[in-house]
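Enquirer: Structure incoming, see below.
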Amino acid sequence: QVHLVESGGGSVQAGGSLRLSCTISGYIDIDNSLCLGWFRQRPGKEREGVAGIHSHGWTQYADSLKGRFTVSRDNAKNTLYLQMSSLRPEDTAIYYCGAITDCYSSGWFDRSWAVLAEYNYWGQGTQVTVSS
């Protein structure tokens, strides 16, 4: 079975940085078809897409987060990362990683990376708290 586990969350002051990790186990992507994404759920709001990365290396970000957050993956370590910089109190949320096993073209990815229903697997989430 596929398991995703987030780590790296915690408390940080505004303006600081944090690096989240998501380890993936139980899946062999022999066809390079696995897409990965980060989502977050802020207090009182719905879960929203933060960033996504295709198996071919394409990335997508929520428009409001471009320039502050960077998504990457290290396939040799079976790990997905989210580098978070210039953090703001409104970034406080539970951050989740997810995986899509049947990921298609860049066009499809661009349209689908932030769609919750497209994700086949989810991690348990990690709390990020940004204080002012």
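Enquirer: I need the phi-derived Karplus couplings for the range 76-87: 6.51 cos²θ - 1.76 cosθ + 1.60, θ = phi - 60°, integer Hz, Gly and Pro marked x.
Expert: 5, 9, 6, 9, 9, 10, 9, 8, 10, 10, 6, 5
Enquirer: Ignoring ligands, DNA and RNA, what percent of the accessible area of the chain is carbon or sulfur (1.4 Å)? List each step's numbers first, then the result.
Expert: Values: 3140 of 6770 Å².
Of the solvent-accessible surface of the chain, carbon and sulfur hold 46 percent.
Enquirer: Can you list residues whose amide H is under 5 Å from V50's amide H, if they're 5+ apart or on another chain and H is modeled 1.01 Å from N?
Expert: Those lying under 5 Å, H to H, from V50 are W38, F39, R40.
Enquirer: Hey, another quick one. Given V2, C35, M84, which one lies farthest toward the positive end of the charge dipole of the chain, if we put +1 on the Cβ of every Lys and Arg and -1 on the Cβ of every Asp and Glu?
Expert: It is M84, whose Cα lies furthest towards the positive end.
Enquirer: Might you report the magnitude of the Cβ-based charge dipole of the chain about its Cα centre, with Lys and Arg at +1 and Asp and Glu at -1, to the nearest 20 debye? Please list the in-between numbers first.
Expert: Values: 11 positive and 12 negative charges, 83 e Å.
The calculation lands at about 400 debye.
Enquirer: In what order, largest first, do D91, D63, D74, D102 sit by accessible area if the probe radius is 1.4 Å?
Expert: Working: D91 0, D63 125, D74 50, D102 90 Å².
Solvent-accessible surface, decreasing: D63, D102, D74, D91.
Enquirer: Quick one: in the chain, what % of C-alpha pairs are over 26 Å apart? Provide the component values of the computation, followed by the final result.
Expert: Values: 1371 of 8646 pairs.
That fraction is 16 percent.
Enquirer: Please list, by residue number, every one of the GluC sites (Glu not before Pro) in the range 1-98 that is coil in DSSP and has at most 16 other beta-carbon atoms within 10 Å.
Expert: Details: sites: E6, E46, E48, E90; in loops: E46.
Qualifying residues, ordered by number: E46.
Enquirer: Could you point to the residue in Q13, I100, W113 farthest towards the positive end of the chain's charge dipole, with +1 and -1 charges on the Cβ of Lys/Arg and Asp/Glu respectively?
Expert: Q13
Enquirer: Per residue, what accessible area does the chain have, given a 1.4 Å probe and all protein chains present, in Å²?
Expert: Working: 6770 Å² over 132 residues.
Each residue of the chain exposes 51 Å² on average to a 1.4 Å probe.
Enquirer: Turning to a different aspect of this structure: Please provide three numbers in whole Å: the alpha-carbon extents of the range 91-130 along the principal axes, with the largest listed first.
Expert: 35, 18, 13
The values are calculated or read from the model by the stated rules, or taken from the named source; none is laboratory data. Bear in mind the structure is a predicted one, so any value in this text is a computation, not a measurement. A quick note on method: Cβ atoms are made from the backbone with ideal geometry, for glycine too, and the neighbour counts reach across all protein chains shown. Side chains included, ligands, DNA and RNA excluded: accessible areas come from the protein's heavy atoms. Shrake-Rupley method; radii C 1.70, N 1.55, O 1.52, S 1.80 Å.
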